[in-house]
Amino acid sequence: MFSGNGRGSLDSLPYVLCIYFLVLGCESIENQRDRFFTQGNEALESQSYENAIIFYTKAIKIDSDDAESFNNRGVAKRELGRVYEAIQDYNEALLIDNEFWGCLHNRAMAYQEVANWNKSIRDYDLLIGHHDTSIYHEAKALIFSESKDFNRAIDEFNSVLAQNPNDAETKINLATLDFYLGNKKRAAATLEDILREFPNAAFGYNTLNQIYLELSSLDLAYRAIQQAIRLDPLNAFFLNNRGFTYLEMDSVVLALKDINQSIVLAPDNAWSYRNKGYYYYKMGDFTQAIRYLKQSLEMDKNLKGAHLMLGMTYLSEGQSGMACQSWEMALGLGNEKAQAYLNYHCN
């Protein structure tokens with residue numbers, strides 16, 4: 001989000017503003033600042049982020065109270081993955097203008113990106129106090145979901161729904177949170193109703209697949225993920241979930257095809273490596289299973305189900321001590337299935 005304070009917007013006309021100053025006897029130093037600022041915007045629009053930073057820095061050197069250049073330089077830095085530096089620029093802009101709402105939104109998103117959720121929520125609350133819009137409530141809901149504060153997430157999604165009663169995505173998110181809270185059958189029934197109303201909501205079918213897997217209703221799980229893939233055939237996450245569904249159905253050849261395609265499309269998705277490890281476990285290749293399961297946990301140490309599967313694999317390898325350690329970790333992450341393995345094999 002670029003500055004919305006007139007000169008800073010890429011949709012505004014910075015040269016018109018500069019001409020206005022010139023008519024009033026604008027000093028050449030201000031004209032030079034605005035020229036660098038405009039060049040920065042042009043570089044930003046063309047995704048030449050390093051050049052944009054150079055031009056905004058030149059504008060700031062001329063005018064250290066140029067909040068818009070600080071904000072837009074922060075945007076360029078965030079695009080380059082330099083999020084903490086971007087936050088510093090947003091801070092500078094907000095010290096200059098504490099009602100720079102576009103910049104405050106940028107900072108809220110940056111804090112969210114680095115998982116500084118408390119500060120992100122604080123900024124979104126300030127934004128809501130200025131202008132109550134569903135965008136900010138949705139952002140807060142996603143933060144609360146990520147931090148597993150599901151009840152507060154539900155409150156925020158309900159605020160979104162109050163402003164947008166026909167928002168399919170929000171309805172599906174609320175059903176998903178109901179599932180996370182353990183209300184599996186009710187969440188499935190709610191999703192079925194939503195999908196009758198919004199039959200093209202692919203991610204709704206994907207969530208329904210996950211719920212039916214938890215309920216061990218493999219036919220319904222397969223039907224749901226097929227609908228998701230029909231709507232979005234190259235979605236790596238849907239393909240991976242169909243691969244896992246095939247594994248549960250013992251269709252291992254089809255499973256491996258989907259999982260491998262998923263990894264090609266999204267090589268950073270830890271779930272795909274977990275599922276590939278599970279594939280090798282089912283095939284009896286425990287060395288490969290351990291390799292892929294450990295790789296998935298290196299990518300996400302809290303990955304659901306991975307510690308449980310790793311324990312099962314270690315047990316099959318005769319490494320009962322390592323198995324018990326894995327199940328202890330699984331239990332610590334809230335996987336209740338691990339308790340049965342611990343009771344039977346480790347006590």
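The values are calculated or read from the model by the stated rules, or taken from the named source; none is laboratory data. Note that the coordinates shown come from a computational prediction; the quantities given were computed from them, not determined experimentally. Cβ atoms come from the backbone with ideal geometry, glycine included; neighbour counts cover every protein chain shown.
If Met249 passes every condition in (1) assigned by TED's automatic domain parsing to the domain that holds Cys346; (2) surrounded by fewer than 16 Cβ atoms within 10 Å (Cβ to Cβ) but one, which one does it miss?
Condition not satisfied by Met249: (1).
Here are the criteria: (1) over 20 Å from Ala43 (Cβ atoms); (2) crowded, with 24+ Cβ neighbours inside 10 Å. Tell me which single one Asp89 does not satisfy.
(1)
Here is a list: Ile194, Ile225. Which entry is under 30 Å from Tyr124 (Cβ atoms), β-branched (Val, Ile, Thr) and over 20 Å from the mean Cα position of the chain (by Cα)? Let's see the steps before the verdict.
On the way: Ile225 fails: under 30 Å from Tyr124 (Cβ atoms).
Answer to the check: Ile194.
So Ser262 ticks every box in (1) closer than 27 Å to Leu181 by Cα; (2) in the same structural domain as Thr207 (by TED's automatic domain parsing); (3) not basic (Lys, Arg) but one. Which box is left unticked?
(1)
If you take the residues in region 194-210 that are out of contact with any helix residue (DSSP H, G or I) (no Cβ under 6 Å at 6 or more places or on another chain) and surrounded by 16 or more Cβ atoms within 10 Å (Cβ to Cβ), which one is farthest from Leu161 (Cα to Cα)?
Gln210
Test each condition in (1) out of contact with any Asp or Glu (no Cβ under 8 Å at 6 or more places or on another chain); (2) outside any helix (DSSP H, G or I); (3) assigned by TED's automatic domain parsing to the domain that holds Trp101 for Pro165 and report the one that comes out false.
So Pro165 meets the others, but not (3).
Quick check on my filter: what residues within region 60-89 are in a helix (DSSP H, G or I), touching a residue at least 12 places away in the same chain (Cβ under 8 Å) and more than 20 Å from Asn106 (Cα to Cα)?
Across region 60-89, the qualifying residue is only Ile62.
Taking region 277-309 as the region of interest, how many residues are within 15 Å of Ser262 (Cβ to Cβ) and not assigned by TED's automatic domain parsing to the domain that holds Tyr341?
The number of residues fulfilling the criteria is 3.
Could you grab the pairs with beta carbons closer than 9 Å, sequence gap of 6+ or different chains, first residue in region 212-228 and more than 16 Å from Asn240 (Cα to Cα), second one of a type in the set (Ser, Thr, Tyr)?
Pairs that qualify, where the first residue is more than 16 Å from Asn240 (Cα to Cα) and the partner is of a type in the set (Ser, Thr, Tyr), are Asp219/Tyr212; Leu220/Tyr212.
Can you give me the number of residues within region 279-319 that are of a type in the set (D, E, K, R) and part of a helix (DSSP H, G or I)? Talk me through it step by step, then tell me what you get.
Our first condition is that a residue be of a type in the set (D, E, K, R); within region 279-319, this holds for 282, 285, 291, 294, 298, 300-301, 304, 317.
Now restrict to residues that are part of a helix (DSSP H, G or I): 282, 291, 294, 298.
The qualifying residues number 4.
Filter region 211-242 down to residues that are among the hydroxyl-bearing types (Ser, Thr, Tyr) and either in contact with a Cys (Cβ under 7 Å, 6 or more places away or on another chain) or part of a helix (DSSP H, G or I) (or both) and give me whichever is surrounded by the fewest Cβ atoms within 10 Å (Cβ to Cβ).
Initial filter on region 211-242 (among the hydroxyl-bearing types (Ser, Thr, Tyr)): 212, 216-217, 222.
Still in the list and also either in contact with a Cys (Cβ under 7 Å, 6 or more places away or on another chain) or part of a helix (DSSP H, G or I) (or both): 212, 222.
On the way: Tyr212: 22, Tyr222: 19.
Applying the filter and picking the extreme gives Tyr222.
Please state which one of Leu215, Leu208 is aliphatic (A, V, I, L, M) and either closer than 16 Å to Leu231 by Cα or outside the structural domain of Leu234 (by TED's automatic domain parsing) (or both). Working first, answer last.
Values: Leu215 fails: either closer than 16 Å to Leu231 by Cα or outside the structural domain of Leu234 (by TED's automatic domain parsing) (or both).
It is Leu208.
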